[in-house]
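In what follows, a single structure is set out as structure tokens and then discussed.
Just so it is clear, none of the values below were taken in a lab; they were calculated from the coordinates. The structure displayed is predicted, hence computed values, not measured ones. Note: ideal-geometry Cβ built from the backbone for every residue, glycine included; neighbour counts use all protein chains shown.
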Amino acid sequence: MVIAIFLYPFFIIPDYLLLIKIDQIDSLILSNILNIHFFILLIFQKFLEIFSFNNLLILRLVNLFYISLIIFISYKIIKIKFYDLNIWSPLTTIFISGIVIFSLMTIQNYLASALVSLVTFYFLLKIFEEDKFINNILFTFFSLITMLMNNFFFLIIVTLYSTIKLINFKLQNEKKLNFISNLSLIYILAVSLIIIQQINYENFLFELNTSFDEITERIKKIVILFLPLFGIFFISLFFNIFKKINWNKDLLLFLLIILISLLAFIFSKQLNYKYLVFSLPFFVIYTYRTLEFVNLRFSKFPYIFMFFLPILIIFFDTSFYLEMEDIPLSNYIFYISIILISLINPIFVIQNQSIIDVQKIATFSFLTLISVSSFFLYYQYNKLLIQNIIPSVLLEEFGCNINSSKFTVTKINDDFKFYFSKNLRLDNNQSCHFELNFTSLNDVPINDINSVNKTILDMSLKTFLNLNFKQL
């Protein structure tokens, strides 16, 4: 994962926008500074500038810090609610899940927001487990931090969980009143922050994603990003609900949190993966707690979801090419390889297996598939990305350094604007001044003996283009 942080380019537009926002002077407004994730990235970036370090991919290192804390808080939640549960398998599954791997590849606040929400929920649990006033203070403090990150979703979780707990007649009246007053303060702070930050309250409450295509696409994302756990989660649902295995209130409350998080991800207007990251520990704990003493045989069929991943990777790779004839032979070898790897699947093992043994097979298959795919995609396409090909062509073909070169471009895409925006400002006496033209591969490449044509992979358009270099 550390290696991948430095190998994978930024591949989503929100990453570009956030980096530009960090680099701008006017980004130092109060709402950004109070956002703990933005503040950490800003300080980290300023620190890198001191040492003239230009590789902004290193900003992703903060994600390793976040995921480490998520693992630790998940461990604390297990200990406070299910102290006898074997911890290593659940924590390992959290660490290598698809949503964590995806979130590590961005600098968005998915992990940070989920972490703060988990910490808030942890202190909520402690309020009902321990008679310590410090838990109330910390719960309020982390609730405020969560809301400053514009994450008001956790209030739904807190409200439902608290309501169910307060119905408990065994809870002392004094403890109930203290918690209700504490919760009231949080609601007052929430309303105040919504007004101060000029958030559209009506949209926050009522504007939902109602597009059938978008809903279907998000369900597909859930299936993929929760691998290798998604299939066995349905098995645990069956045993927990219909067989009444490990039927207890805490486990059912965790199931309620999972369902609310998934619904929030599917129907929220803006696509945000923090809901999935937040629900992941509950997803894992629920599954392992339910099935820890169950031997699986024919009920392993839901692991067929593991086959979605190679299909998705092959579809993603072939989408770069206009015609099937354009796909290189090496790509077909890669497709066969990942299909063979996906056959390492628990559904092909006939005898009974514990959930630990089942997940070992699934985890090995999943990580091998991800590793092979990552190395192939990097080897095959990294050299064709615009941020790599432009500096190499300028140096090899024209003897010009990228830092001293200036460009005139007819059409600017998101990748070019992010990586080379500083090269668009022209000087009067500029020796390394180039005109760049992007054309389709179907068009005849620009026929000029004084220019150079190179094929690039445009990640924003997900297609190959011809890039023509002409020195002015």
>> If I model a spin label at PHE242 and LEU34 as a point 7 Å from the Cα along the Cα→Cβ vector, what separation in nanometres do I get?
In response: 5.0
> Stokes-Einstein at 20 °C, 1.002 mPa s, Kirkwood radius from Cα pairs: D for region 210-321 in µm² s⁻¹?
Replying inline: 140
>> Restricting everything to alpha-carbon atoms, can you work out Rg to Rh for region 308-428 with a Kirkwood hydrodynamic radius?
In response: 1.19
> How far is helix 329-342 tilted, in degrees, relative to the longest principal axis of the Cα atoms in the chain, given as a value from 0 to 90 rounded to the nearest 10?
Replying inline: 10
> Around VAL294, which amide H atoms from residues at least 5 apart in sequence, or from another chain, sit under 5 Å from its own amide H, with H modelled in the peptide plane?
Replying inline: ILE355
> Ranked by Cβ crowding within 10 angstrom, fewest neighbours first, how are VAL372, VAL393 ordered?
Replying inline: VAL372, VAL393
>> Just to be sure I follow the rule: in region 357-472, considering lysines 8 or more places apart or on different chains, how many pairs have Cα atoms under 23 Å apart?
In response: 22
> Sorting GLU217, GLU174 on the 10 Å Cβ count, fewest up front, what's the list?
Replying inline: GLU174, GLU217
> Between the helical axis of 355-381 and the dominant principal axis of the chain, each derived from Cα atoms, what acute angle in degrees is found, rounded to the nearest 10?
Replying inline: 20
>> Looking at the calculated P(r) for the chain, what percent of the C-alpha pair distances fall above 40 Å?
In response: 30
> Any idea what angle helix 36-50 forms with the longest principal axis of the chain, computed on alpha-carbon atoms, 0 to 90 degrees, nearest 10?
Replying inline: 40
> Tell me which aspartates and glutamates have Cα within less than 16 Å of LYS176's Cα, excluding those fewer than 8 residues away on the same chain?
Replying inline: GLU129, GLU130, ASP131
> Using the alpha-carbon centroid of each, what span in Å lies between region 249-326 and region 353-431?
Replying inline: 29
>> Full-extension gain between LEU322 and VAL444, please, as 0.36 nm times their residue separation minus the C-alpha to C-alpha distance.
In response: 42.4 nm
>> Less than 17 Å from a label point 7 Å out along the Cα-to-Cβ axis of PHE72: which backbone N atoms in region 114-128 qualify, by residue?
In response: 114-123
